[in-house]
Amino acid sequence: MSRGTPKKTRNEHLMTINRDMLTRNYWMKWDLDKCVGCQIGPVVCPKEALTHVPAVLEDGHILQKASVDVDEKKCVNCGICVEACPTHAIELTVNAKPENPAIEYGAFPEYDAKTIFRKEKFDFSLKDFIIENCPTNVISYDEKRDTMRVDFDNCIHCRQCEVASKGAFEVRQPWVGSVVLRREQCVPECFACADICPTRALHVNDAGELVLADYYCIKCGACMQVCPVKPEYEEETFTFESQGMTHTRSRQKLVNGEDLPIVVERWRINHSNVSSAAWIEALRKLSDDKAKSVEIDRKRALRRADLIEALKGNLIAKTKLKKEIEK
């Protein structure tokens, strides 16, 4: 491989780009098992190097997951998709160490997302229940220190641990928005959105019905991408100011939201202070025009029986939680 010439590899589980420069060796890796085909990467990519690979459905279920593909000749290893990916499916290293040029040079912000564990509030009889309900397997029990551990680099902040622990875990998601399920508009016997949902916000209950546990939604939008009732978009131009210059860009605006079985909206995002043109452009493409202030209240969510019912596994633990919220 010549200096600076990217080399791409791809199989069922992993896609990589390696670019060997004179003093810097870039490796970008896409974990395709983690990827849910949410379309966020292609939307934010400033070089249009990423493209969406649609899912293949059969009998209302996913036969082949949606994912992304990359044009290695267009990709400049900027790292914007790495920070924007809601499931941490993308990794970028420079000289074998994690590095994100877009954040380092102020072109893109760090998302402000947190998962905090408060040991003094935790009922340790629930520890196995918490671990079982983490969809990304990032929570573990440290027997030596008698505490719970969280792999923060891979936590997707779904908030299931928060509900399952009665609030001993506190979770702050990056995106604020909404998700609406209209089951009457679903294709009969289709559960593709539940198949792809990384948090089980969309799931099939014991009665075989598609159910939404909205509090667990991370606003990735993968459900909309896999749904057979397809979203329709129209091109819309927008302008913005950055560093004394006026920029004109275009984005895809949803026009058939009322006809869709599932609609995810992103209103605003918690992030570090950055005002670059690249970030403003990405934000306008990712977020909806509605700057709403309505949010799901955390205290109320911890007392919602439907959210407890959406958790999987231990019936005794779920019954215990339900009895406590009924007091």
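The values are calculated or read from the model by the stated rules, or taken from the named source; none is laboratory data. Predicted model only: the values in this text are computed from it and were never measured. With ideal geometry, Cβ positions are generated from the backbone for all residues, glycine too; neighbour counts draw on all protein chains shown.
Quick rundown of the values:
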{"item": "Hits in segment 80-99 (condition: surrounded by fewer than 21 Cβ atoms within 10 Å (Cβ to Cβ), within 21 Å of the chain's Cα centre (by Cα) and in a loop (DSSP other than H, G, I, E, B))", "result": "88, 99"}
{"item": "Set 139, 156: member being over 19 Å from residue 220 (Cβ atoms) and of a type in the set (A, V, I, L, M, F, W, C)", "result": "139"}
{"item": "Single residue of segment 133-177 satisfying the filter (among the charged types (D, E, K, R) and in contact with a helix residue (DSSP H, G or I) (Cβ under 9 Å, 6 or more places away or on another chain)) that is surrounded by the fewest Cβ atoms within 10 Å (Cβ to Cβ)", "result": "146"}
{"item": "Verdict on residue 69 being farther than 19 Å from residue 111 by Cα, assigned to a loop (DSSP other than H, G, I, E, B) and at pLDDT 95 or above", "result": "no"}
{"item": "Enumerated helices (runs of 4 or more DSSP H) restricted to segment 212-313, each holding at least 3 residues that are touching a Phe, Trp or Tyr at 6+ places or on another chain (Cβ under 8 Å)", "result": "277-286"}
{"item": "Residue identified as polar (S, T, N, Q), more than 21 Å from the chain's Cα centre (by Cα) and modelled with pLDDT of 90 or more among 256, 314", "result": "256"}
{"item": "Those residues of segment 38-77 which are of a type in the set (A, V, I, L, M, F, W, C) and either free of Cβ contacts under 8 Å to residues at least 24 places away in the same chain or in contact with a Pro (Cβ under 6 Å, 6 or more places away or on another chain) (or both), in sequence order", "result": "50, 53, 56, 63, 66"}
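Residue by residue, here is whether (1) assigned by TED's automatic domain parsing to the domain that holds residue 131; (2) touching a Gly at 6+ places or on another chain (Cβ under 7 Å); (3) touching a residue at least 12 places away in the same chain (Cβ under 8 Å); (4) not polar (S, T, N, Q) holds:
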site	(1), (2), (3), (4)
168	yes, no, yes, yes
179	no, no, yes, yes
195	no, no, yes, yes
241	no, no, no, yes
